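What follows is one structure encoded as structure tokens, with my remarks underneath.
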Amino acid sequence: MIAVALVLVTLGGAGFLYRLVRGPTLADRVASLDGLLAVVVTAILAWSAFTGAGTYLTLGVVVALVAFLGTSAFARFVEGKRR
């Protein structure tokens, strides 16, 4: 079951990666990067459940925090360009 979840997460990541490369605006790219990082966190947590190793849970939390900070910084940057 977890293997199926990992395949679906990979397909979702491919969709976000496509939008990251082809996004017509900077806001589209920022939103797709945020989605891609959410997919990465999901994949890390699914892999943690698959292997039973708790170390990956800490890694997932750290990646989620860095993704949040990065998205906040990008949003501030995009908002600053509009003024």
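The values are calculated or read from the model by the stated rules, or taken from the named source; none is laboratory data. Everything quoted here is computed from the prediction, not taken from an experiment. We place every Cβ from the backbone using ideal geometry, glycine too, and count neighbours over all the protein chains shown. Please note that ligands, DNA and RNA were not included when accessible areas were found on the heavy atoms of the full protein model with its side chains. Shrake-Rupley method; radii C 1.70, N 1.55, O 1.52, S 1.80 Å.
Distance between the modelled labels on Ile2 and Val21, one decimal in nanometres: 3.0 nm (7 Å Cα→Cβ projection). Its DSSP H runs of at least 4 residues, each contributing -39,500 (n - 2.57), put the calculated 222 nm mean residue ellipticity of the chain at -32000 deg cm²/dmol, to the nearest 500. Angle of helix 26-51 to the longest C-alpha principal axis of the chain, folded into 0 to 90 degrees and rounded to 10: 10°.
Computed from backbone phi with θ = phi - 60° and the Karplus coefficients 6.51, -1.76 and 1.60, the 3J(HN,Hα) list for segment 5-21 is 4, 5, 5, 5, 5, 5, 5, x, x, 5, x, 5, 5, 4, 5, 5, 7 Hz; x is used for glycine and proline. The mean accessible area for residues of segment 1-64, using a 1.4 Å probe and ignoring ligands and nucleic acids, is 63 Å² per residue. Both radii come from the Cα set of the chain: Rg as radius of gyration, Rh as Kirkwood radius; their ratio Rg/Rh reads 1.06.
Compared with the alpha-carbon gap, the fully stretched path from Ala73 to Asp28 is longer by 14.7 nm at 0.36 nm per residue. Here the chain is treated with +1 on each Lys and Arg Cβ and -1 on each Asp and Glu Cβ, and its dipole about the Cα centre works out to around 400 debye. Report, to the nearest 10°, how far helix 55-82 tilts away from the longest principal axis of the Cα atoms in the chain, using its own Cα long axis and a range of 0 to 90°. Here the helix axis deviates by roughly 10 degrees.
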